[in-house]
Structures are given as structure tokens and as C-alpha cells.
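The values are calculated or read from the model by the stated rules, or taken from the named source; none is laboratory data. Just so you know, these numbers come straight off a predicted model, no measurement behind them. Every residue, glycine as well, gets a Cβ built from its backbone with ideal geometry; the counts of neighbours run over all protein chains shown. Ligands, DNA and RNA are stripped out before the accessible areas are found, and what is left, the full protein with its side chains, is counted by its heavy atoms. Shrake-Rupley method; radii C 1.70, N 1.55, O 1.52, S 1.80 Å.
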Amino acid sequence: MTNTYAIVLAAGQGTRMKSDLYKVLHPVCGKPMVEHVIDHIRHLDADRIVTIVGHGAEMVEQSLGNKSEYALQEEQLGTAHAVQQAEEVLGNLDGTTLVVCGDTPLISSETMKALLAHHHESEAKATILTANADDPAGYGRIIRAENGDVLRNVEHKDTNDEERKVTEINTGTYCFDNRALFETLKQVNNENAQGEYYLPDVIGILKSKGQRISAYTTPNFHETLGVNDRVALARAEKEMRHLIAEKHMRNGVTIINPEQTVISVDAQIGRDTVIQPGVMIEGPTKIGTHCIIGPNSHLQNSTVGDHTTVHSSVVLDSRVGSNTAVGPFAHLRPDSQLGNHVKVGNFVEVKKSQLGDHSKVSHLSYIGDAEIGTNVNVGCGTITVNYDGKNKHKTEIQDNAFIGCNANLVAPVTIGKNALVAAGSTITKNVPENSLAIARVRQENKEGYVKN
Ligand code: UD1
Ligand code: CA
């Protein structure tokens, strides 16, 4: 959209959160709420996005990076004062400016687009996004004339008894003619219950000057929640969790119990995959088709192929191939890569290791800093002894090797192709290909030792 700009208000401390973390950085479904707002705006193709920062400015900028430009509000004197800080960047431009609060993470791009369209159609100088709330407490109220025209907004703390009964609320999202916005901001005063410069006062001022004002009432009230405290934060989380689950279900993913499933906004899941209860999928995790992601699994920033099962397991920053089985009770730590048709069974920990296609580590093993080829069988209880107390060392197990149960592979060490390692061996030297290595005390039987 040409000549369209956006301002995101994110300078407040968020006193009502009672938190060391700045309000707009509190995550909702794994992503800071202000980042949700910015990501929704980015779908509009605005020419510029300016985020107003103040409390925690550095952390907010760090978390949003180059998704936005920034303007600093040194003292938090109110939302009108916050918007004024963008004047240096946007003040001289012709066009339309969308203003959104950094604490309304659920307002969708579609709703923002509908607001912009309504604003352009009605040729207004300012259009306010409103909603009808069952419980309007805490929100600004929209005061309309008898003919339905919007006259002004009154903040909850400034309402009289009549005004408090109004259920149409200000969502904190607006469209303005950019030049009219910055001119009018200069006329906003702070003579109100909170002694703050209120942005919605711009609406009343423009109206009193005979300018055209408009309101767009969204039918999606559930999107308009403003997060001021942790009760609202939990509500936002629930609402977004529901929206995300619904999106995946409509795309062909079965989610057995959406209420008990947490999926990040950035996750991708293929068709016919089943997500069982208690699953937590974080970050930009990508899961293929026809997978079963078992109960109580936790996947973070990972990729899973097609037809793979992950059962009651933890998968962090790792890649799992197709037709592979993980768990129950496996732990894939960062930088692990499992190929196709691989099995990593119960009580197996894998760290920074690769397992080639058709390889199996079925029970009770630690595999760290290892490169395992294809078709390798690692027996129960095998340990890669990768740490000497100072440094980590690598274990290499080449294609088709067979490691017997309860072997210690003291790294650095290489087990050659087709080699066999006898059960109970402690391997300290490389094993050449096609060889059998036995490294254990020979058994001695003392006949008759036990006297009856
Ligand atoms: C605001 C609106 C209210 C609306 C509600 C919707 C005003 C005066 N009131 O109230 O009409 O119903 O949102 O959720 O605008 N901020 C700054 N600098 C400041 C003050 C605030 O950047 O000096 C930022 C905050 O970080 C926050 C946003 O502006 O992201 C809104 O501020 P907040 O204090 O939460 O306003 P509300 O009381 O919720
Ligand atoms: Ca708020």
C-alpha cells in the first residue's frame, strides 16, 4: 500500500504486569506481543513502520531488529505524546498512518486492512477501530451523537456514570491522515484524570473542528483484547492458541486436544499429522505430513520429515528425517541430525551427532559428538565417552557397523565399516573395517568354588 505508514506504541513500562520484563516483550504463544503486532502490520506492505520505545528501549529494539524503525519517548507522558515522537521520521509525509498499541497482539492483518479500507472509503481525517465489549471496564468509551456520528473517546477513568455504561470501546487502533495527525497532536492537553496526553483526544479535536471522523466496528471482538496485566496475558495466550490450532486443523492436521496443545505461531505442520495431547511446539519448527507427535513431546526450532513418530520426547534445534521413530523418552539436544528410517528409542540422549539412514540406537544410550553412518546398530547401554574432563572428542561409527550392548567408545575413536564391537567392550583404539573388537576381561569359571 503506497503512502501508508504505521506507528506502534511500545514505550510504556506496563506497571500493571508487575514484572521485571517490559510489558510488550511478554510472550504470547512464544513470541513477544509487540512482535505479533509488527508481524501483522508487515502483511500490509506499509512504507515505513516506526515503533515508539522508552522503557526497555534497547531490549525492544533487540527483539524486533530491523523489522521496524524506532523513535525514543524519553518520558512516558501518554499515548499522544508517544505518537508525537514519530514526527521527525513521518511528519513531512503525505499519506495514511495506522497507529496500533504494542499490547494488542491479536488484532489481525485482515482487521487492519478492513480499517484502512473503511478509512479510505469514508474519506475521513481519522478513523477509530472500535468493538462492542461485554465488559468494557478499563477501555476508552466511544461517545456517539444521536445520529450515530462519533464525537469523541472518553477514557475509563474520566467517564461519568452515563458514559461508563457505553459498551462500544476504543481498541487503541486508528487510521489518520498523516498531516492532520501531527498538526492535531500539538493541540492535545493533559487535563484529565491521569494527567496524560491521550491519543484518542485527536478524534474529538478533529470533530470539533468540523473534520470528518469515522469509526469502524470490528465484528471480531476477541481480537481486540489489550494486555495490561497477567490475567489478560493468559486470555491472550488462550485466544491465540485457539486461533493457531484452528488454522492447522483447517489445513488438515488432527489435534486431539487443542486445549492442551501449545503451538507457536511460526510452526508449520503438514497434512494428516496427528498432534496428541500435551505437545509443545516452539519457534519456527517444521513438521511434515503423516507424522504422529506423541503425547507430552516438546519440539523447539526443529525439523521433522514425513511419516515420523515422536513419542514423549524432547527435540531441540535438531533435524529428524522421514519414517523415523523417536522415543518414548528420548532427548535430542541441539545440532542432532537423524536420517530416514532411523530409530532412537527409550532413554537415549543424542547431542550434536548425526545418525545416517536405517541406523538404530534403541535403548539407554548416550550419543554425543558422534558421526554415525548408515545401517549401524548401536546396542543397549552404549556410551560415547566424549569428554575427558577438559575437551570434547568425536566418535565415528561407519556404515553397517554393529556395536554390542554396554560398550564404551572412548573418543576420539573410529569404528570402521562392517566392524563388530563385542558386548561390554571398552574401546580405546580405532577398529579397522570388517574386524571384530573385543576389549573385556575373559571369563574364568572356578568349578566347585561354591561349597554346599
Ligand atoms: C489505551 C487507550 C484506550 C483504549 C485501550 C485499548 C489511551 C489514552 N487510551 O488505554 O482508549 O481503550 O488502549 O487497549 O490511549 N504507551 C507509550 N507511551 C506512553 C503511554 C503508553 O508508548 O506514554 C504505549 C504502551 O506501551 C502501550 C500502549 O501505548 O503499548 C497503550 O498504553 P496503555 O497504558 O496500555 O493504555 P490503556 O490504558 O490500555
Ligand atoms: Ca493497554
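Just the residues that are open to solvent by 20 Å² or more (accessible area, probe 1.4 Å), part of a loop (DSSP other than H, G, I, E, B) and either closer than 15 Å to K31 by Cα or of a type outside the set (D, E) (or both), please, taken from region 260-294. Before the answer, list the steps.
Looking only at region 260-294, we keep the residues that are open to solvent by 20 Å² or more (accessible area, probe 1.4 Å), and these are 260, 262, 265-266, 268-269, 271-272, 274, 276-278, 280, 282-284, 286, 289-290, 292.
Restricting the remaining residues to those that are part of a loop (DSSP other than H, G, I, E, B) gives 265-266, 271-272, 276-278, 283-284, 289-290.
Listed by number, the residues that qualify are V265, D266, R271, Q276, P277, G278, G283, P284, T289, H290.
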Extreme residue, most open to solvent (accessible area, probe 1.4 Å), among residues of region 3-15 that are at pLDDT 95 or above and near ligand 1 (Cβ under 9 Å from one of its atoms): L9
State yes or no: is R241 in a helix (DSSP H, G or I), more than 16 Å from ligand 2 (Cβ to nearest atom) and farther than 25 Å from M33 by Cα? no
Residues in region 295-303: is at least one touching a residue at least 40 places away in the same chain (Cβ under 8 Å), under 14 Å from the mean Cα position of the chain (by Cα) and in a loop (DSSP other than H, G, I, E, B)? no
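Please note which strands (runs of 3 or more DSSP E) are completely contained in region 354-413 and include at least 1 residues that are at negative phi, out of contact with any helix residue (DSSP H, G or I) (no Cβ under 7 Å at 6 or more places or on another chain) and among the hydroxyl-bearing types (S, T, Y).
Values: elements: 360-363, 366-368, 370-372, 383-385, 395-397, 408-410.
Filter on region 354-413 gives 360-363, 366-368, 383-385, 395-397.
Can we say G54 is within 14 Å of ligand 1 (Cβ to nearest atom), within 17 Å of V8 (Cα to Cα) and out of contact with any Pro (no Cβ under 7 Å at 6 or more places or on another chain)?
Numbers: within 14 Å of ligand 1 (Cβ to nearest atom): yes; within 17 Å of V8 (Cα to Cα): yes; out of contact with any Pro (no Cβ under 7 Å at 6 or more places or on another chain): yes.
Yes, satisfied.
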If D266 satisfies all but one of (1) over 23 Å from M240 (Cβ atoms); (2) touching a residue at least 60 places away in the same chain (Cβ under 8 Å); (3) not β-branched (V, I, T), what's the number of the condition it fails? (1)
Which of the residues belonging to region 205-220 are farther than 16 Å from T167 by Cβ and of a type in the set (S, T, Y)? S208, S214, Y216
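What residue, among those in region 1-15 that are of a type in the set (S, T, N, Q) and within 14 Å of ligand 2 (Cβ to nearest atom), is farthest from the chain's Cα centre (by Cα)?
At the first step, the residues of region 1-15 found to be of a type in the set (S, T, N, Q) are 2-4, 13, 15.
Pick out the ones that are also within 14 Å of ligand 2 (Cβ to nearest atom) and you get 13, 15.
Details: Q13: 22, T15: 24 Å.
If we take residues in region 1-15 being of a type in the set (S, T, N, Q) and within 14 Å of ligand 2 (Cβ to nearest atom), then T15 is farthest from the chain's Cα centre (by Cα).
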Can you work out which of the residues in region 194-238 that are more than 26 Å from E35 (Cβ to Cβ), among the small types (G, A, S) and in a helix (DSSP H, G or I) is farthest from ligand 1 (Cβ to nearest atom)? S208
Hey, can you tell me all the residues within region 16-35 that are more than 14 Å from ligand 2 (Cβ to nearest atom) and either of a type outside the set (A, V, I, L, M, F, W, C) or surrounded by fewer than 16 Cβ atoms within 10 Å (Cβ to Cβ) (or both)? K18, S19, D20, L21, P27, G30, K31, P32, E35
Return only the number of the condition from (1) within 33 Å of the chain's Cα centre (by Cα); (2) surrounded by 23 or more Cβ atoms within 10 Å (Cβ to Cβ); (3) within 12 Å of ligand 1 (Cβ to nearest atom) that A133 does not satisfy. (2)
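One residue is enough: does region 426-433 have a residue meeting the conditions touching a Ser or Thr at 6+ places or on another chain (Cβ under 8 Å) and either within 26 Å of V320 (Cβ to Cβ) or surrounded by fewer than 18 Cβ atoms within 10 Å (Cβ to Cβ) (or both)?
To start, the set of residues in region 426-433 that are touching a Ser or Thr at 6+ places or on another chain (Cβ under 8 Å) comprises 430-431.
In the following step, the residues that additionally are either within 26 Å of V320 (Cβ to Cβ) or surrounded by fewer than 18 Cβ atoms within 10 Å (Cβ to Cβ) (or both) were identified as 430.
Looking through region 426-433, at least one residue is touching a Ser or Thr at 6+ places or on another chain (Cβ under 8 Å) and either within 26 Å of V320 (Cβ to Cβ) or surrounded by fewer than 18 Cβ atoms within 10 Å (Cβ to Cβ) (or both).
Of everything in region 38-61, what is in a strand (DSSP E or B) and either over 19 Å from Q73 (Cα atoms) or not charged (D, E, K, R) (or both)? Give them in sequence order.
Filtering region 38-61 for residues in a strand (DSSP E or B) gives 48-54, 56.
I49, V50, T51, I52, V53, G54, G56 - these are the residues of region 38-61 that are in a strand (DSSP E or B) and either over 19 Å from Q73 (Cα atoms) or not charged (D, E, K, R) (or both).
When only residues in region 260-301 that are among the charged types (D, E, K, R) and closer than 20 Å to V314 by Cα count, which is modelled with the lowest pLDDT? Can you show your working first?
Within region 260-301, the first condition is being among the charged types (D, E, K, R), and the residues that meet it are 266, 271-272, 282, 286.
Next, from what is left, pick out any that are closer than 20 Å to V314 by Cα: 266, 282, 286.
Numbers: D266: 92, E282: 95, K286: 98.
Result: D266.
Looking at E110, E35, E123, E88, can you tell me which residue is assigned to a loop (DSSP other than H, G, I, E, B) and either on the phi > 0 side of the Ramachandran plot or at pLDDT 95 or above (or both)?
E123
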Does R48 fit the bill of being over 20 Å from the mean Cα position of the chain (by Cα) and open to solvent by 60 Å² or more (accessible area, probe 1.4 Å)? yes
Please go through (1) within 32 Å of the chain's Cα centre (by Cα); (2) open to solvent by 30 Å² or more (accessible area, probe 1.4 Å); (3) closer than 21 Å to Q211 by Cβ for G138 and return the number of the only condition it doesn't satisfy. (3)
Which residues, taken from region 164-186, are within 22 Å of P219 (Cβ to Cβ), among the β-branched types (V, I, T) and open to solvent by less than 20 Å² (accessible area, probe 1.4 Å)? I169, T171, T173
Restricting to region 193-229, what's the tally of residues that are touching a Lys or Arg at 6+ places or on another chain (Cβ under 9 Å) and acidic (D, E)? 2
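Regarding region 241-259, can at least one residue be identified that is under 16 Å from L106 (Cα atoms) and open to solvent by less than 20 Å² (accessible area, probe 1.4 Å)? Reasoning before the result, please.
Here is the first cut: in region 241-259, the residues under 16 Å from L106 (Cα atoms) are 241-247.
Next cut, open to solvent by less than 20 Å² (accessible area, probe 1.4 Å) only: 244-245.
Scanning region 241-259 turns up at least one residue that is under 16 Å from L106 (Cα atoms) and open to solvent by less than 20 Å² (accessible area, probe 1.4 Å).
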Check region 60-77 and report whether any residue there is within 16 Å of ligand 2 (Cβ to nearest atom), within 20 Å of the chain's Cα centre (by Cα) and open to solvent by 30 Å² or more (accessible area, probe 1.4 Å). no
Within region 384-412, residues open to solvent by 60 Å² or more (accessible area, probe 1.4 Å) and of a type in the set (A, V, I, L, M, F, W, C) come out as F402, C405
